[in-house]
Amino acid sequence: MKRYTVYIPYHQKLNELCDFVFQTANALLLKGYVVKMILFDYAYFFGDPYARENFSIEFKKLLKHPQFSVIRPLVQITPRNGLRRLHKLNQEVFFQLVIKKLDRSKNNILWVYWPEDIDLVKCVKKQNKNTLCVYDCVDNFTSVNLELDQVIKHQENSLIKISDHVFVNSSSLYSLKKVVRKDLVIVPQGFDQSSFKDRFKRESMGSVQFLKNIPHPIVGYCGSFTYRIDYELLYGLISKMPNISFVFIGPVKIFPYEQEENKTRGLIRKLGSFHNSYVLPAFKNKSEMACVLDYFDIGMIPYDTNLEFNRYSYPMKLFEYFCMGKPVISTPIEELKRFTKYVKIGSTAKEWERQIETILFNHWTKKSQEGQRTLAKANSWEKKVEKILSFID
């Protein structure tokens, strides 16, 4: 098996958890690969935000590995206020810096996740024949902004066509993308098993003491608070079930192109206004999640499936709930409909109320928990990366 140098473009903040990138990088490093992360938003000049960033624990772990490094632009120019041409020129200069890095090795992989990376992929395909371009499609990228949505779709279609290999992590994504290209490969979703080991030993850390005072049964959610949550469904559900505790744990994530910050924060404040609803801050690191989930009686995925992005998503939290042997209730996300043994689907507060009552009345069997954990193990990051590499070598 060849030992590639893997280049991964990155477009998000390094103080946030971006599991699909960080976990993939970690899995590759464990297999002996060299990994270089291309940081578009962390230029050297104009304040050097990289030097001032409060990195996530997961990114700090990557930085400690001797075969991991980052590539950064000299300057950062945003494409606004008449600076689009200058932004384009600066981007091209940065692309050439990446090309120079690629030229130093014969076995390279450019491993991309975002449709916006199409320009970099085109540049690499044109100038460096030694680099394989892999599109690891983890979501159906869309926008509620119709103009931006068209741009994203055009970028992704081009990326799917030009990449050497395209991998999707769900059957629903395969159905959507196969109209552009037939030779797509479905791979496991990706689940961080390592964070769920020895969970009971960590309880002494005191990270979940606040949950001990919340009465059971607990229906809980671990994840980001964004405009993608079906808040109206939750308001109705919480009102209908006053004897159930609803716990929400996670960071607030704002998407400027999608919705104003104040509106999202207002929706979250209302969520915490019910006497049986508990909105709690995000845990300090992902290793605490297992302790948190252990207190849940039911895990929930309350995504607004009126949004196309949500309807064709494949939430990583599904396998986190599965690993802990928790029954799951969800809105009608396409990919989750095939897990009928372990996931109960509902579109309205009334349907959710009925499903929750049924789960609590029947109890969750050990056989169901064993089946869930088997599925979680089959969808580890190691399994996903192994399958992708098997098609590349």
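The values are calculated or read from the model by the stated rules, or taken from the named source; none is laboratory data. Small disclaimer: the values here were computed from a predicted structure and weren't measured. Cβ: placed from backbone, ideal geometry, glycine included. Neighbour counts: every protein chain shown.
Quick rundown of the values:
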{"item": "Residues satisfying the stated conditions in the stretch 298-326, i.e. of a type outside the set (A, V, I, L, M) and not in a helix (DSSP H, G or I)", "result": "Gly299, Pro302, Tyr303, Asp304, Thr305, Asn306, Tyr312, Ser313, Tyr314, Pro315, Gly325, Lys326"}
{"item": "Residue within the stretch 150-163 that is more than 23 Å from the chain's Cα centre (by Cα) and more than 18 Å from Pro315 (Cβ to Cβ) present", "result": "yes"}
{"item": "Boolean, Ile109 is among the aliphatic types (A, V, I, L, M), at pLDDT 95 or above and in a helix (DSSP H, G or I)", "result": "no"}
{"item": "Residue, nearest to Pro217 (Cα to Cα), within the stretch 312-335, restricted to residues that are small (Gly, Ala, Ser) and crowded, with 23+ Cβ neighbours inside 10 Å", "result": "Ser330"}
{"item": "Residue selected from the stretch 289-342 under the condition out of contact with any helix residue (DSSP H, G or I) (no Cβ under 6 Å at 6 or more places or on another chain) and hydroxyl-bearing (Ser, Thr, Tyr), by the criterion farthest from Ile249 (Cα to Cα)", "result": "Thr340"}
{"item": "Check on Lys253, at pLDDT below 85 and either hydrophobic (A, V, I, L, M, F, W, C) or in the same structural domain as Leu318 (by TED's automatic domain parsing) (or both)", "result": "yes"}
{"item": "Conditions (1) assigned to a loop (DSSP other than H, G, I, E, B); (2) surrounded by fewer than 19 Cβ atoms within 10 Å (Cβ to Cβ); number of the one not met by Arg269", "result": "(1)"}
{"item": "Residues that are polar (S, T, N, Q), assigned to a loop (DSSP other than H, G, I, E, B) and in contact (Cβ under 8 Å) with a residue 60 or more places away in the chain, drawn from the stretch 119-171", "result": "Asn140, Thr142, Ser143, Asn145, Asn169, Ser170"}
{"item": "Subset of the stretch 22-45 [modelled with pLDDT of 95 or more, within 15 Å of the chain's Cα centre (by Cα) and hydrophobic (A, V, I, L, M, F, W, C)]", "result": "Ala25"}
{"item": "Number of the exception - Val252 against (1) of a type in the set (A, V, I, L, M, F, W, C); (2) closer than 23 Å to Val168 by Cβ; (3) surrounded by fewer than 17 Cβ atoms within 10 Å (Cβ to Cβ)", "result": "(2)"}
